[in-house]
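Notes follow the structure.
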Amino acid sequence: MPQEHRAYSSKWMPDLEIISDENWTSISTLQSILEELEHRNSNRARLLKLRITERLNTLSSHQENNTSNNESNTESINIRILTCLSCNKKIRVTFPFGGNQLKCPSCSIVMNVIEDENGHIYITEQAKSSEQSFDTRKLTTEICFQILGVQKNSSPREIKTAYRNKIKEYHPDKVSQLGSRLQEVAEEESKQINAVYEFLKNNGMA
Ligand SMILES: [Zn+2]
């Protein structure tokens with residue numbers, strides 16, 4: 001990488017005046033130069049600090065006026081590597097990204113991602129998935145038929161058969177070779193199928 005493309009650093013760019021034209025258009029580079037200048041008290045440093053602050057103001061107001069063009073603005077794009085809470089897979093994430101939830105491409109769990117005002121990224125607990133919020137109080141016969149995959153006018157016998165076939169798919173013996181997350185999903189599915197069958201029995205349909 002040519003020297004002039006890098007951010008200012010006292011180690012290898014001792015002259016405070018050396019900021020290439022390209023770096024004058026880069027918010028992140030200017031911010032890092034400004035940080036470096038905070039540790040300096042010379043007149044040159046103070047002058048440069050003023051110029052950079054002014055420039056940053058111009059750039060950020062320009063950025064606000066072009067919100068529709070944000071995607072083409074590489075300065076606001078920031079790539080981080082996050083670690084999946086469940087399978088420890090390293091996930092490459094581009095910030096800012098839409099929403100605040102991240103789905104692991106490997107094990108499919110969904111995590112809440114929070115970025116604080118200093119740009120630090122935190123992954124908090126796993127977001128609640130829809131099957132975990134399954135509420136038996138909201139069951140209707142229509143939902144039950146749909147979950148079991150049977151027609152509305154099915155006989156109790158057909159419903160029982162559908163139930164047995166469904167519950168077999170998620171039997172612990174069948175999913176024991178799968179990852180822990182998938183076993184959890186299977187357990188949730190089994191609970192749901194059992195609840196549905198129970199509901200139909202209580203309503204005299206199975
Ligand atoms: Zn994962």
Practice task
Find how much the distance from residue 182 to residue 195 grows on full extension, using 0.36 nm per residue of separation minus their present alpha carbon separation; answer in nm with one decimal.
Solution key: 2.7 nm
Problem - Per-selection Rg to Rh, segment 131-202 - Cα, Kirkwood hydrodynamic radius - result: 0.99
Problem - Low-density loop positions, trypsin sites (Lys or Arg not before Pro), segment 132-201 - DSSP coil, at most 11 other Cβ in 10 Å - result: 152
Fill in the blank from the handout: So the compactness index of segment 78-127, its C-alpha Rg divided by 2.2 N^0.38 Å, takes the value 1.03
Problem - Computed P(r) (all Cα pairs; segment 156-198; 5 Å bins; percent) - result: 5, 26, 29, 20, 12, 6, 2
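Tell me the chymotrypsin sites (Phe, Trp or Tyr not before Pro) within segment 148-197 that lie in a loop according to DSSP and have at most 12 other beta-carbon atoms within 10 Å. Before the final figure, lay out each step's value.
On the way: sites: 163, 170, 197; in loops: 170.
Loop-located and lightly packed - none at all.
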Exercise for the section: Fewest Cβ neighbours within 10 Å first, please rank 115, 38, 169 accordingly. Expected result: 38, 169, 115
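Computed from the coordinates by the stated procedures, all read-outs in this text should not be read as laboratory data. Here the structure is a predicted model, which means the values were calculated and not measured. Virtual Cβ from ideal backbone geometry, glycine too; neighbours counted across all protein chains shown.
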